[in-house]
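Below: the structure, in structure tokens.
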Amino acid sequence: MGYRRSTGTAQHPHHTASCIMGTIGKKKGTHRPAHGCTTIPRLALELKQIIHCTSHPKLPQVTPIRVMMPLGQLIKGASLDELIQMCIQTFDSEGNVCQGSELVQIMLTMHGFLIPSADLLNKLRTLYEEALEKRSLIFCLKVCYFVRYWITELWTMFKMDQRLTQTMEEFQEMVRAEGEESHWRLLDTAQINSREWSRKLTQRIKPNCSKKRKVSLLFDHLEPQELAEHLTYLEFKSFRRISFSDYQNYIVNGCVKDNPTMERSIALCNGISQWVQLMVLSRPTPQLRAEVLTKFIHVAQKLQQLQNFNTLMAVIGGLCHSSISRLKETSSHVSHDVHKVLNEMTELLSSCRNYDNYRRVYNECSNFKIPILGVHLKDLISLYEAMPDFLEEKKINVPKLHSMYNHINELIQLQNIAPPLDANMDLVHLLTLSLDLYYTEDEMYELSYAREPRNHRAPVSGTSDYLYIVSFHLNFASSRGLHTGNNTNS
């Protein structure tokens with residue numbers, strides 16, 4: 001996902017002022033790619049999956065019964081207050097979730113599209129106080145069960161949202177002051193502090209263009225299978241950290257501002273794509289460059305076998321970047337069979353017919369798989385913009401929330417499936433360092449032209465087309481001026 005402003009120069013007449021996220025630039029009506037545009041949907045998202053811990057041992061368990069929400073009356077929408085009441089009534093007097101548990105999940109995970117979390121909690125507090133005045137203790141208990149379910153299932157919200165945490169503390173103090181000790185225990189958030197938490201990202205390495213990293217020798221020592229496995233480990237580590245709130249923030253805000261996990265994952269994909277290019281360009285002769293190119297195509301085959309489509313996009317994107325695809329003499333030393341494989345890969349990842357080939361193959365995969373997140377986020381953004389937030393009488397469009405929840409939840413569920421591999425942590429560390437690259441697009445092209453000057457002539461191979469990947473329909477580069485590709489340490 002290229003969040004980079006192109007730095008066009010006189011030497012590169014085809015540079016563009018900006019490029020769409022994830023687009024491999026190809027000017028309309030010409031067969032020449034726009035220099036400066038990056039080649040992949042630079043989305044790999046970071047936020048450690050929510051790890052469900054057991055509730056407080058002295059409290060009754062919340063036992064949700066996972067059933068599909070019967071939209072029924074909700075097809076025509078509902079007010080926020082009506083949805084809250086329906087969620088509260090979903091709990092029985094013992095804290096079990098009865099029919100409609102998916103509505104509770106949707107409300108708690110998607111409410112950020114409707115109301116800030118702290119405001120939702122304040123509404124619940126008001127309902128609790130009103131019920132307490134009427135001595136409707138069963139309703140008070142259900143409100144507490146609803147809040148406890150929120151704490152148990154989506155506890156990271158209370159780690160990330162300081163205002164929500166403060167509101168919860170005020171709610172707890174009010175309940176305890178009323179002498180409802182059993183209710184207070186249900187609202188206890190102390191359990192959150194004991195849970196595994198890895199939201200904090202590692203310190204970024206600041207770009208220092210005067211100190212280029214040496215080209216990694218790690219590539220020479222790893223076979224395609226091993227290299228693919230360790231790249232998949234890094235990708236999954238990044239992918240499994242995504243949360244509902246990350247998706248929500250990105251969809252609503254349309255950018256990665258104040259979303260460091262998203263930025264970090266974008267940098268990982270940028271780093272992989274650029275590393276692929278540098279590995280090829282680091283070799284002095286066409287024969288040696290062809291060997292590296294061939295090896296990376298074999299890595300891509302292994303990535304497809306591992307069903308890691310996001311890193312597959314990064315690798316193929318690097319190989320199809322115009323700084324590499326312009327190397328005709330290098331290409332002439334690549335065997336016909338290898339060219340055929342590369343063509344098949346580019347066809348698989350093509351954006352034609354809305355990524356029809358990729359979607360078909362992806363849907364046929366089971367168990368562990370890592371999607372091309374840019375494609376699926378594009379779907380979410382399209383859904384978010386296509387459907388109205390409110391229906392008649394300003395009622396919330398519940399079917400829209402339901403559809404978005406299903407799309408996001410499908411991705412979240414993939415985080416629970418561990419990759420079928422064992423990673424060597426020393427190799428993971430070395431590979432992570434190798435992906436910290438500080439090269440600009442202009443520098444990449446300078447190296448490419450140094451290997452094979454413009455007037456160099458060689459037979460044109462069958463793989464001369466460029467990969468087109470449009471992860472999003474929004475042009476973030478020009479509006480945000482975000483730069484990535486120089487920090488991938490996750």
- Rounded to the nearest 0.05, FRET efficiency between Ser335 and Leu421 (Cβ-Cβ, R0 22 Å) equals 0.20
- Note on the structure: For the Glu133, Ala177 Cβ pair and Förster radius 22 Å, calculated FRET efficiency rounded to 0.05 is 0.95
- Query: Label points 7 Å out from Cα along the Cβ direction at Ser93 and His298: separation in nm?
  - Reply: 7.0
- Can you tell me which of 420-427, 397-404 comes out highest on packing, and rank the rest after it, using the mean Cβ neighbours within 10 Å? 397-404, 420-427
- Item | Estimated vicinal HN-Hα couplings, Hz - region 327-339 in sequence order (Karplus 6.51, -1.76, 1.60; Gly, Pro = x) | 7, 5, 5, 4, 4, 5, 8, 8, 5, 4, 5, 5, 4
- Task: Hey, can you grab everything whose amide H is under 5 Å from the amide H of Phe390? Only 5+ residues off in sequence or another chain; H modelled, so Pro and N-termini drop out.
- Result: Asn397
- Row for region 218-466, column shape: gyration tensor on C-alpha, a ≥ b ≥ c, rounded if a/c < 1.5 i.e. under 1.5, prolate if a/b over b/c, else oblate; value prolate
- Query: When ranked by the protection proxy of mean other Cβ atoms within 10 Å per residue, highest first, what sequence do the peptides 329-336, 266-273, 241-248 form?
  - Reply: 266-273, 241-248, 329-336
- Message: If I model a spin label at Met86 and Lys394 as a point 7 Å from the Cα along the Cα→Cβ vector, what separation in nanometres do I get?
- Response: 2.0
- Using a Förster distance of 25 Å, how high is the FRET efficiency between Cys352 and Val428, based on the Cβ-Cβ distance and rounded to 0.05? 0.10
- Starting from the Cα-Cα distance between Met387 and Glu443, subtract it from 0.36 nm times their residue separation and give me the gain in nm to one decimal. 15.8 nm
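No value in this document is a laboratory result; all are computed from the given coordinates. Predicted model only: the values in this text are computed from it and were never measured. We place every Cβ from the backbone using ideal geometry, glycine too, and count neighbours over all the protein chains shown.
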